[in-house]
Structure formats: C-alpha cells, structure tokens
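Engineer: To start, I am sharing the structure in question, which I have written as structure tokens.
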Amino acid sequence: MRYINIINLFRQLNFWVTIPYMKEIPKAYNPKAVENKIYQLWENSGYFDPDELPGKRTKHFSISLPPPNVTGKLHIGHSAMLAYQDIMIRFHRMQGDRTLWLPGMDHAAIATQNIVERELKKEGQTRHDLGREKFLARIDDFVAKSKDTIKMQLKAMGASLDWSREQFTLSPELTKTVRIAFKKMYDDGLIYRGDRVVNWCPHCQSTLADDEVEYKEEQGKLYYLKYGPVAIATTRPETKLGDTGLAVNPQDRRYQKLLGKELEIDLAGHKIKVKVFADKAVDMQFGTGAIGVTPAHSLQDYQWAQKYNLGIIKVIDEQGKMTSFAGKYSGLDVLTARKKFVENLTKAGLIEKAEDYNNNLSICYRCGTPVEPLPSKQWFVNVNKKTSRGKSLKQLASEAVKSGQIKMIPDKFTKTYFQWMDNLRDWCISRQIWYGHQIPVWYKNSSGLGAQSPRQEEVIVPKHITELVLMRHGITDWNKENKVQGITNVPLDELSIDEIKKMIPRLKRERFDLIITSPLMRAKQTAEIINEELKIPLAINDLLKERNYGEFEGRNNAELRKEYPDYFEDKINFDIPGNQEESYQKLAKRVKTFLKKVSQEYSDKKILVICHHSVIRTFRMIIDHWDAKKLTAYSPKFNELVNYKILDGDYKMAELRQDPDTLDTWFSSGLWTFSTLGWPEKTKDLKEFHPTSVMETGYDILFFWVARMIIMSTYLIGERPFDNVYLHGLIRTKEGKKMSKSDPETAIDPLDMINQFGSDALRLSLVIGTSAGNDVRIYKEKIEGYRNFVNKLWNISRFILSTVKNPAYSKTAPRAKTLSDQWILGELEKTTELVTKKITRFEFSQAGEQLRHFTWDELADWYLEIAKIEGGKDKILLWILKRILILWHPFIPFVTEEIWQIAFGEKAAAIYELPLLMIEPWPKPQKTEAAASKRFSSLQNVINSFRNFRAEYNIPPTTLISVSAKKNILIKKEEKIINKLARVKFTDVKKGIHLTYGQFDFIIPLGELIDVKKEKKRSELELEIKKKYYESLKKKLSNKQFVEKAPKEIVQREREKQIELEEIIKKLKKKITTL
RNA sequence: GGUCGCAUAGCUCAGUUGGUUAGAGCGUUGCAUUCACAUUGCAAAGGCCCCUGGUUCGAGUCCAGGUGCGACCACCA
C-alpha cells in the first residue's frame, strides 16, 4: 500500500522529466515550489519510523529531540539544533542503522502560564477570576495552537522526526510516569517536604528557583546601628527585628570576648536575643565586621541557623507585610516599616551613620518585584542522601561522566559540569503555579494549603490512581415531561443530541482511557454519540443503572410529590410498602461495589462514567460523605462533570486534599530520554534505543536540563541517558547581540528566512563555519550566500542531466579514461572518506566545508569545464552526481531529494526498489592513488600561470596567446585542455620572452603584449621571495638536530622542496638575464 | 568573589595527537560574460595567528605570566 503511494507521488512529481531534460528543468532552484511536496513524500514513505525502514538493520542510533517549549513558536536557535540533529539522523539512516529521532514538546510550566496570564491581563482578568479548572482549559487551548505551529515549523526545517512516536511532557502517559518516578524517589527517602528559606515573589505569590532570580544594581543606604555592645551594618534594618544571631569572623580580635554569649538587644523598644558565633564567611573588612543574622529572611543566614542552631523568627509575610512578631510594626509593608523603624532608631540615638551604598538587589525575573527570602514549606529532592543504589544522586550523576560513560562535546564542559555538580544543593521541586504536574501527594486531615499549611498532616503518596469523571446522560422526553424515569428505556431527545455533541471537544481534552456506561438506553446512547469521536474502549456496567422506581416509573413527578411528600426527601431508607422501589441504601451498595471493581480492574486509568441522576448523587454521598439534606439540594446536570481520583483503591476521599502546588518543569523533562520510550514498562523501544546515542542541545541548559537528565536516568533506571552530549552555541545577531523574542529587531524568524532562501540554505548557514560550544552569528547575507550555493548545486545537476544522453543509474563506479577522470574520481573518494569521518566525529562544519570545496571548486570549476572539452563522460558525470547528492543529503535534504527524483527516482527504484534518496546507502570510500592528483595539480598550475599572466597584462580572454613551450609529457597529453582553459595556442616561436611560472618555462613572442620592465621587476621580486624560502629550507636541513629528530617523511618532503626550488631559482635567474 | 573560555585577513569564523610558504565565506580591486549557473566565471590585494617568556629540531597549536573581552555560578551583611 504505502509503496504504491510513493511511486505515484514521485511519478506525479517528475512526470515531465523525460528526455530531453534540458528544457524542463528550471534555471534556478525554487525551494518554495518543492519543499512541502518533498516533506510529504518522505512522510508518506514512513521511513522516519525505524520500524518501517527497509533492509536488515542491526545497529541502533537514536536521538530524543529536546522538546521545544509550547510557548508559541520556534526561534532560529531551534533551527540550528534541528539542523545538527537531522544531519546525524539522516547520516545514520543512510548508513543502515535502525535510526530513531523522537519528537515531542515541553509544557514549560511557568513560561506557558505566564503567556496565558499576560493574555488574560489584557482582557482585564487574572487566573484567580477564572479559577483553576477554567484557567487550565484556557492554557490547553493555547497549547494546542502552539503545538500545531511548532509542528509545522519542525517540518519546514526538514526534520526527519518519527511523528508516530510524538510525546508531550504533560500527556496522561508522561504524567503517570512522573508520578511513578516521584513515588519511587519518595519511598527511597529522596523527596522530602521541608521548611526552607526560599526566594518568594510577593507579587507573583510564588517561589522562584535560584535561576529565576535576577539581580539589579540599586542605590541604597547602608545603615550602621548600635547593636547592644557592638555595631553592625545593614541595608535592611527592618529585618533586624527578626535577628537571632550575631556573626563575626573567627580571626577578628575585636569580638573574641563575646563569642558564645547570648546578648539581649534593645532596638528602640523592640527587644531581641541573639547568639554570638564565629564563621569564616564573615568579611572583617566590610562594615563593622559584625553581622546581625536573620535566619528567616536570608538564605545565608538560614544556613548559619542550621549550622549554629539559631531560632527562626519570621517578621515578614507572604504579602511583603510585617508579621505580629515585628511588634508595633506589624501590618506595615516592608518599606514603610523600614522608614518608621529607622526614625525610631534615630530618635533613640542608635543610628551611627548611613552611607550611600550600591546594593545588588534580587528581583523576580517575571515582574521585577524585589524578591523576599521567606521560610516556606516546599518539596525537595535530596541530592546528598545515599539512595537505594548505594550512592547519592550527586555521586551517580558525577560518576556517569567521570567514568567516561558519557562524553561531552566539546570537552571543556565536563569541567563546568563537575563544578556545578560539586556545588549542587537540594533541588526545590515545588512551584506555586497551576499549570504543570500537580504534586502527586495527598494530605489527610488538613486544610490542604500546601506551602503555607502550618499543621502536621498525614501524607499519602499513592502508587495507583484511578480517575473517574462522572457525567449524566442527555435529556429524554420523559425528563422534559417531568416523568419519573428509572430503569425504563426512553430514547434521547433530538435537541439533546446536539447538546451532547457540543460537549465533545471538552471531553476530548480530558484524554480518557475508556468509557463505562449504564446499560439503560439514554446513557448508552449518550456514550455512543461521544465515542463516535473519542474512539476509545467502551464498557457497559449494570452497577451503574438508575434507581428502580417500581410502580412510580413514568408517573408525573409533581403529582407524586403531592401524593408522597416524604419521597422527595430522599431519605436513605425510604421505602414504600408494596412498591418495588430501590432505596438509596441499596444503591449505595451497588456503587461501592462498582468503585471497588473499577479501581482494581482499571488502576491508573482515566474513566468517563456515564450514569444517572440518583447514581451521581450516590457517588457524592459515598465519596464526599454527603448527607440527605445536601442530596436534596443537588441535582446533577449532564454538562457538569464530577471529578474523582481514587488512591490505591481507597475511595473515602472526603478528607483527602491534593497538594495544590505543581512540579518544577525540569522534573518531568529530566525523565525525557526514557519516559518517551515507555518506561517503566520494559518496552522494545526502551531496550533498543536507550541510552540514546546523542543528546544535542545548547550549552545554556547544561545544568537545567542535561544534568537533571543524568541524575534521573542514573538513579531511576540505573543507566546513562545518552552516550554523547553535543552542546551547540547560542545564536547571535550580526553585531553579536543575543537574539531575543522580546526584541524583534534582533530576532530573525526562521520561517521568514526559509521563505526567502529555502530551508536548505538556512541549514547550511547554521552548520558551516560553526563549531561545537561556540556562539554563531547569523544574518541575512550569510543565508543568501548559501542559497547561492544550493543554486549552484542545482545548476551542476542541470548541466549534467542535460549533457548525458541516457541517464542510467549504476551501482558500480565507471572506469577513468583520462587524467582528469582519474583525478576527480580520486577526489570524490577522498571527499567521501573525509565527510564520513567528520560527521562521525561531530565536525559538521568541516564536513560541509569539504563537500562545498569539492562540489564548487573541483567539480564545477574544473572537471565540468574539462568534460565540455573532452566529452564522452556520461557515466562518470552521473556517477559523481549520484554520489554528491548522497553526501549532501544530510545537510541539504530538500534540494538533493528533488534532484534525485528528477534524475534517478525511477531508475533507483528499479534497482533498490527504493525511490527515495533519504534511505540510499551511504558509500564506502575506496582507496585512491596519489599520482593522478599530483599530475593534475601540475596541469592546474600551467593553466593558472597563463590566467595569471593574462590578468596581469590585462589581456582579454578573447585574445588567444601564442606560446611555445618545451613540451613535456603532461603538456603534450593535455594540450587540448590547456588550449581551451587558458586560451593559448602552442606555436613554434623561438624568439621571445621566457616566462617562468612554477616549474614551467614558456616563450611568448615579443610584441605589444609584454612590458619588459614590468616583467623584469616582477621576476626579480619573485626570485627574492623564492631565495628567502630556499635559505630557510637550507638552514633547516643543515640543522643536525632536525635531520636526526624529525620524522623521516618530513625531512624527505623538505629535501624535495629544496630541489624543486633550486630548479625554479635557476630558471628565474636565466629569465631575468634574457629580459 | 569562584569557575570556564575566547583573542587568527576589513568583517564572520575554521584550523583535534605540534610538522607544506596559515585557510574559507563575505567584503574590496581588476577583467569577463549568447556557453548549466550574474544566485556566474577568471584573477588579485589583504595576516608580528593579542603581548612577554618557556618547552621543542620545529609552536597559531603545548606550558607560565600579562593585557583585553566574554560566559556561567555564587552573592555579602
């Protein structure tokens, strides 16, 4: 099936390319017209998926795409990353490896939430106005759009990603993986909840990670205040209300007597007690050399408090206001409190002086509000504790690199990595935002306030969660007519069907694993309508049936109400004698059985439960512990979804509250290399593709991401996440500025560039002239230059295809007939070998540069010109074309594939049954002889000499130069080529000027052509340079040490050069005398 | 403050075990263009490889010091 598709596609693509080719191939390559079509061709082939690749493939090669943030669209940095990765992936695919490039995206919690919050702000709303659920739904909409944009961009870059394995860090599957990882670490004692001084933003009402804090120089005041028997300096006097210590340097003699004492200090009426201790971190030179220590409001002081056992007094709260511990300053905001406190201190004569001081203020990277260090309850990962693997996370991650299991490219980053690992502190993984993986921890008997909850709670970290979403069926005629409707089968109302369909997008977002429905017609019908779209397993369960109302079925509710007022009280045990009616108590039994069964059979699934009015009430009665009164007041509507999580089969959820915080986004991205391959299941993918071969990413996230992946992988699965880390540099503007999205002046939009110059040109501009770990400057002119190259390749192909009479596709190399054939085929092999080697060593720039050199400087500028003269090179030309297309394909996939389709599509298919260049086997380089190469460069020398001569004397190319020369074999054999390329005519002139170019000696007849004076001067200059070089060689060779110690080949080479030079000098001298 | 790195043609950069008279692209200059390609061709000019010292037969490459620049980490009362 698939194969037929491809054939059709490529036939469509080049149906017009029959013989003669010439007229049909456009003069210039037009990327816009072919790129989409080509990507489609690849995608339809299925070869991006390793399982679909042809042939026996035993070696594995895999890369996990660093998932782009779903914050909008890709920038040029992504294009660079994609270019490098696609080169490796395509290269290995062509080499015959089972090659996987796994795509996906990152939910980027904080960044994404910020964008949506900003959008909301424009509409005059906050996330709190919407509430958690609606806000998250809004983010989901935004994310869906971002994903589409990003996917389109990835394809535009030509990235050969296996879309069948696409992943998202916040998908239900990866959410489960995150929970399993969390659980494992929690059970191993690596995750703990602790009081810590964290960076708190009073505006965003959230903690900030260390790297989310920015610093700003600010003009402030440094106050010197009397502090009991000593004086201290501070920029934040108001925090001194919470001091519990006094720190001095152990070397400082001034304070020796006070060490270990506890002082009571009066700060203008506010009394504090401080312990005096010594620590070498204290700078004796700064201020008075004594520091008031405020553990609650300084990270450094908090660490001291731990070390020296100091008390912690919180004087500032989460709103940035003073707490009751601040005494009479309580309730004031920080700045007002400072002002008032300083006033009072001044009145009391406690301020010695206040000097101007440049303060390095910490501010929130989002809103710029000064950060308030506060003690707060957060979740942490302990990086120093011994894990069940016998070593700490830090040790595991360090050793993976130290042992050489993971190789970093360039190597310099290994040092940076160790530096960072050694200084790593416990990792705070909780964030006070809504978007992300909600922390999989539930509290019992708590107010559920998470970060700020003061009480001791029982903590539950479940192993299994079954998620139920209850939904009521659509409306029937009986519902409309207010008839009692129990187990009677009544079909849905027409209008109601539309209402249900409207619900589908919302239900789709929930990503259910299955639907369970009551067997009654109205519920079943509802489920079927929904499942037409969702297409997931659907189960019918009798336990979900509505109450049986016995004789009441079908009677009018209002009438019944009059007759049996008690009935509507929904009393649990209500029973009417003689009626078959089912009581709530009986119903409850059924529902409990259902809950038990469902959490056993479908643990870790998310289930849509479609049932009935009274059944939903019963769920609430059981799970939410509702009583009859609450039941009466509650009537579930079909478009209200009721959400439950059942932890480890325990459905008594009323007193359980999930921690409202979410996980640091790096927690889930740390699992990326294996969570995407199916872990913790031992899948085939995981076995085959993990550890991944290469992690290719920017050096700016070495710590944030790469290090965390190593931590997670070495601990959770006991192996490295990847063999190699290739770190590319940052993309900068022409002026060297960082490109940033916020500054559109500096940012180049990759799509825009692709539009103008084509994807291939953009790729080359990002690859050639760059090296690992170094920043890259990118600008329009550069991309334009590579567009020119791509066009050159196009025209080379156009020429070859128009020259050859019968374009045949051959598997074997053609025979060389002439010197130029030998030379170009030799160069081709050398280039193949070099390119292969360079790509294997991650030296993409050099590989590309080498290829460019071969293609343009050797093939186009020399061989093609010679081919026009010598003729009869069809086989060789086609062979070279085929080869360069293969070698170029990883770098510039679009244009090469397009040419391939035009030239060989059908022919290649006949031989390999594979019409696509993307899976063409990579050539194995053949050994070549050096002789042809040497002789050919002599030929080039001769031609260059004449060209040089012509330029110097301004002889137009139309003028044929007559020369006579001692015809050595080379000149004799290649006379025709020299004639044409140098535009000279060999005659038998005897008199004239001897010209010496290199080893060649020519006579040009005297005439207007030559300026004797000029020529003499030029020759003398040349002689001088040669002599100088000769002298240096002579000196080198007469040096005994050199001759003895240097390798023989090098000495030999120098000797040969010396002999050559001697000859040239002789000739030059002779020439000067004849002039 | 700690760590790491960079300095090569006017500009942007290659240069991976130390071994040709140090390379490329762009730009500049001159000439050309019915020819596969002006998105082109031919040719030229342009370098104390930051400075000082050392190791070595030999240093752009290795070592030490200096100067200038940059990045990252930490953050101080």
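The values are calculated or read from the model by the stated rules, or taken from the named source; none is laboratory data. Bear in mind that the values here come from a model prediction, so they are computed numbers and not experimental data. Positions of Cβ are generated from backbone atoms using ideal geometry, with glycine treated the same way; all protein chains shown enter the neighbour counts. Each accessible area value is taken on the protein alone, full model and side chains, heavy atoms only, with ligands, DNA and RNA left out. Shrake-Rupley method; radii C 1.70, N 1.55, O 1.52, S 1.80 Å.
Engineer: I want to check the label-to-label distance for A:ASN948 and A:GLN256. Put each point 7 Å from Cα in the C-beta direction and report it in nm to one decimal.
Structural biologist: Label-label distance for A:ASN948 and A:GLN256, simple model: 8.3 nm.
Engineer: For A:ASN30, enumerate residues with amide H under 5 Å from its amide H, sequence gap 5+ or separate chain, H modeled in the peptide plane.
Structural biologist: Hits under the 5 Å cutoff: none.
Engineer: On average over all directions, what projected area in square nanometres does the stretch A:390-440 have, based on the convex hull of its Cα atoms?
Structural biologist: Here the figure is 5.6 nm², rounded to one decimal.
Engineer: 5 Å is the cut-off here: which amide hydrogens, built 1.01 Å from N in the peptide plane, fall below it relative to A:ILE475, excluding neighbours closer than 5 in sequence?
Structural biologist: Those lying under 5 Å, H to H, from A:ILE475 are A:ASP493.
Engineer: Subtracting the Cα-Cα distance from 0.36 nm times the residue separation, let me have the gained length for A:LYS535 to A:PHE325 in nm, one decimal.
Structural biologist: My answer for the length gained is 69.6 nm.
Engineer: Quick one: Cα centre-to-centre distance for the stretch A:621-661 and the stretch A:785-862, in angstrom?
Structural biologist: 70
Engineer: Only sites in a loop by DSSP and with at most 10 other Cβ atoms within 10 Å count here; which GluC sites (Glu not before Pro) in the stretch A:729-818 make the cut?
Structural biologist: For GluC sites (Glu not before Pro) across the stretch A:729-818 that sit outside H, G, I, E and B with at most 10 neighbouring Cβ atoms in 10 Å, the list reads A:GLU735, A:GLU745.
Engineer: Additional query: Return one whole number: the accessible area per residue of chain A in Å², for a 1.4 Å probe.
Structural biologist: 46
Engineer: Please give the charge dipole size of chain A, origin at the Cα centre, charges +1 on K and R Cβ atoms and -1 on D and E Cβ atoms. Round to the nearest 20 debye.
Structural biologist: 4540
Engineer: Report, in degrees rounded to the nearest 10, the 0 to 90 angle that the Cα long axis of helix A:393-402 makes with the longest principal axis of chain A.
Structural biologist: Tilt relative to chain A: about 10 degrees.
Engineer: Please give, to one decimal in nm, the separation of the simple spin-label points placed at A:GLU1056 and A:GLU655, each 7 Å out from Cα toward the Cβ.
Structural biologist: Result for the modelled spin labels: 9.1 nm.
Engineer: Taking every alpha carbon pair in the stretch A:628-705, what does the distance histogram look like in 5 angstrom bins from 0, in percent?
Structural biologist: Histogramming the stretch A:628-705 at 5 Å steps yields 3, 9, 11, 12, 13, 13, 10, 8, 8, 6, 3, 3, 1 percent.
Engineer: How about the stretch A:627-721: which chymotrypsin sites (Phe, Trp or Tyr not before Pro) there are in a DSSP loop, with at most 13 other Cβ atoms within 10 Å of their Cβ?
Structural biologist: Passing both the DSSP loop test and the Cβ count: no residue.
Engineer: Then there's this: Pop out the carbon and sulfur fraction of the accessible area of the stretch A:853-961 as a percent, whole number, probe 1.4 Å.
Structural biologist: Percent of accessible area from carbon and sulfur atoms in the stretch A:853-961: 50.
Engineer: Can I ask one more? Please identify the trypsin sites (Lys or Arg not before Pro) of the stretch A:963-994 that satisfy two criteria: DSSP loop assignment and at most 16 other Cβ atoms within 10 Å. Which are they?
Structural biologist: Taking the stretch A:963-994 and a limit of 16 other Cβ atoms within 10 Å, the loop trypsin sites (Lys or Arg not before Pro) found are A:LYS966, A:LYS967, A:LYS990, A:LYS991.
Engineer: Taking the Cβ of A:LYS221 as the centre, find all other residues whose Cβ is under 9 Å away and add up their charges (Lys, Arg: +1; Asp, Glu: -1).
Structural biologist: -2
Engineer: Would you be so kind as to identify which of A:PHE757, A:HIS612, A:PHE936 lies farthest towards the positive end of the dipole of chain A, taking Lys and Arg as +1 and Asp and Glu as -1 on Cβ and the Cα centre as origin?
Structural biologist: Going by the charge dipole, the pick is A:PHE936.
Engineer: A follow-up question, please. All other residues with a Cβ under 13 Å from the Cβ of A:VAL248 taken together, and with Lys, Arg as +1 and Asp, Glu as -1, what is their net charge?
Structural biologist: +3
Engineer: Can you pull out the cysteines in chain A that have no other Cys Cβ under 4.7 Å?
Structural biologist: Those would be A:CYS367, A:CYS428, A:CYS611, since no other cysteine Cβ in chain A comes under 4.7 Å of theirs.
Engineer: Can you give the convex hull volume of the alpha carbon atoms of the stretch A:1021-1063 per residue, in Å³?
Structural biologist: Cα-based convex hull of the stretch A:1021-1063, divided per residue, equals 52 Å³.
Engineer: Which of rounded, prolate, oblate describes the stretch A:917-1075, given a ≥ b ≥ c as roots of the alpha-carbon gyration tensor eigenvalues and a/c under 1.5 marking rounded, otherwise prolate only if a/b is larger than b/c?
Structural biologist: The shape class here is oblate.
Engineer: For q values of 0.09, 0.10, 0.14, 0.19 Å⁻¹, compute log₁₀ I(q)/I(0) with the Debye formula on a Cα-only model of the stretch A:96-232, without solvent.
Structural biologist: Taking Cα atoms of the stretch A:96-232 as identical point scatterers yields -0.52, -0.62, -1.01, -1.32.
Engineer: Between helix A:1048-1074 and chain A, what is the angle of the helix's C-alpha long axis to the longest principal axis, kept within 0 to 90° and rounded to the nearest 10?
Structural biologist: Around 50 degrees separate the two axes.
Engineer: Going by alpha carbons, how many degrees (0 to 90, nearest 10) lie between the helix axis of A:2-14 and the longest principal axis of chain A?
Structural biologist: 50
Engineer: State, in angstrom, two size descriptors of the stretch A:790-914 derived from its alpha carbons: Rg to one decimal place and Dmax to the nearest whole number.
Structural biologist: My reading of the Cα-based Rg and Dmax gives 14.0, 40 Å.
Engineer: For the stretch A:112-153 and the stretch A:669-707, write down the distance between their C-alpha centroids in whole Å.
Structural biologist: Their Cα centres are 28 Å away from one another.
Engineer: Which cross-chain or sequence-distant (5 or more) residues have an amide H under 5 Å from the amide H of A:HIS437, H modelled 1.01 Å from N in plane?
Structural biologist: Amide H to amide H, under 5 Å and 5 or more residues apart or across chains, A:HIS437 pairs with A:LEU663.
Engineer: Report the relative contact order of the stretch A:688-779, percent, no decimals, based on alpha-carbon pairs under 8 angstrom and at least 6 residues apart.
Structural biologist: Relative contact order for the stretch A:688-779 comes out at 31 percent.
Engineer: Measure of size requested: the Rg and Dmax of chain A, with Cα atoms as the atom set and Å as the unit; please supply both.
Structural biologist: When restricted to the Cα atoms of chain A, Rg and Dmax are 39.6, 139 Å.
Engineer: Let me ask something additional. I'm checking a number: the convex hull volume of the Cα atoms of the stretch A:26-115, normalised per residue, in Å³. What is it?
Structural biologist: Cα-based convex hull of the stretch A:26-115, divided per residue, equals 144 Å³.
Engineer: How much net charge surrounds A:ASP86 when only other residues with a Cβ under 12 Å from its Cβ are counted (Lys, Arg +1; Asp, Glu -1)?
Structural biologist: +2
Engineer: Return the calculated 222 nm mean residue ellipticity for chain A, to the nearest 500 deg cm²/dmol, obtained by summing -39500 (n - 2.57) across DSSP H runs with n ≥ 4 and dividing by the residue count.
Structural biologist: When only DSSP H runs of four or more count, the value is -13500 deg cm²/dmol.
Engineer: Counting only Cα, what are the radius of gyration and maximum Cα-Cα distance Dmax of the stretch A:736-843, in Å?
Structural biologist: When restricted to the Cα atoms of the stretch A:736-843, Rg and Dmax are 19.1, 61 Å.
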